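Trainee: My structure is below; once you've seen it, I'll send some questions.
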């Protein structure tokens, strides 16, 4: 079996080389090349992905027999859904939607979501339901690369899209430390529980599949922007 260190290094390399930060649409976004309409299209469609996150996390929680694991992973659902006191990630994303000029109710109703985005996001939830616990957790390791992407996005939006407003991009700021913490916890879990060659390979495959899903989401958004 691959050593723990080599396995972690492989996971990081597979994820980094396939992560969607390399997609031309994201490159254009960070270069300030997107129009307001394109930004709105991205925000509205990415909200659908945001709404799938607590669903897949609930499925992951349901797979575990460990009280300790469930308590820790439930934090992710709370952080996304929020409560009557704390604004969660979904609410912060809706603030972003309003900041770029979208109607909040339209975004909540997914009126702008294109079929390719819906298909990819629903496929992720279905995949998590099908995978074992360790595979499902491995798929979340795209979070390893989110802090750098979010930091670059904050700088890009502040420079190129100041009309959006600093308060509207609060979601990006919250994800920098949260994604780093979540990734550290997840990679520790995967490294400790993928105890056979077969499990290691399945974890790598789950992570690769997640990168493909994220890429398909951006590709679908980009393609429909070009059509509009």
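The values are calculated or read from the model by the stated rules, or taken from the named source; none is laboratory data. Predicted model, so just to flag it, every value in this text is computed and none were measured. Glycine gets a Cβ as well: all are built from the backbone with ideal geometry, and neighbour counts include every protein chain shown.
Trainee: Please state which one of 123, 105, 83, 57 is out of contact with any strand residue (DSSP E or B) (no Cβ under 9 Å at 6 or more places or on another chain), assigned to a loop (DSSP other than H, G, I, E, B) and at negative phi.
Mentor: Selected residue: 83, the only one of 123, 105, 83, 57 that is out of contact with any strand residue (DSSP E or B) (no Cβ under 9 Å at 6 or more places or on another chain), assigned to a loop (DSSP other than H, G, I, E, B) and at negative phi.
Trainee: Please give the helices (runs of 4 or more DSSP H) falling wholly within region 143-228 in which 3 or more residues are more than 20 Å from the chain's Cα centre (by Cα) and more than 16 Å from residue 10 (Cβ to Cβ).
Mentor: 146-160, 197-227
Trainee: Under 6 Å between Cβ atoms, which residue pairs at least 6 apart in sequence (or on different chains) link something in region 91-109 that is closer than 23 Å to residue 158 by Cβ with a partner that is part of a loop (DSSP other than H, G, I, E, B) and at pLDDT below 95?
Mentor: So the pair list comes out as 91/82; 99/165.
Trainee: Under 18 Å from the mean Cα position of the chain (by Cα) and farther than 20 Å from residue 193 by Cα - does that describe any residue in region 58-65? Before you say what the answer is, go through the steps one by one.
Mentor: Looking only at region 58-65, we keep the residues that are under 18 Å from the mean Cα position of the chain (by Cα), and these are 58-61.
Add one more test, that the residue is farther than 20 Å from residue 193 by Cα, and what stays is none.
No: region 58-65 contains no residue that is under 18 Å from the mean Cα position of the chain (by Cα) and farther than 20 Å from residue 193 by Cα.
Trainee: Looking at (1) at pLDDT 95 or above; (2) surrounded by fewer than 16 Cβ atoms within 10 Å (Cβ to Cβ); (3) over 23 Å from residue 221 (Cα atoms), find the lone condition where residue 186 falls short.
Mentor: Answer for residue 186: the failing condition is (2).
Trainee: Same structure again: Taking region 108-120 as the search range and keeping residues that are in a loop (DSSP other than H, G, I, E, B) and over 18 Å from the mean Cα position of the chain (by Cα), which one is farthest from residue 224 (Cα to Cα)?
Mentor: Going residue by residue through region 108-120, those that are in a loop (DSSP other than H, G, I, E, B) are 109-114.
Filter once more, so that each one left must be over 18 Å from the mean Cα position of the chain (by Cα): 109, 111-112.
Details: 109: 19, 111: 14, 112: 11 Å.
Here the answer is 109.
Trainee: Within the group 73, 93, 42, which residue is modelled with pLDDT of 95 or more, more than 20 Å from residue 210 (Cα to Cα) and either part of a helix (DSSP H, G or I) or in contact with a strand residue (DSSP E or B) (Cβ under 8 Å, 6 or more places away or on another chain) (or both)? It would help to see each step written out before you state the result.
Mentor: Working: 73 fails: more than 20 Å from residue 210 (Cα to Cα); 42 fails: more than 20 Å from residue 210 (Cα to Cα).
On inspection, the qualifying residue turns out to be 93.
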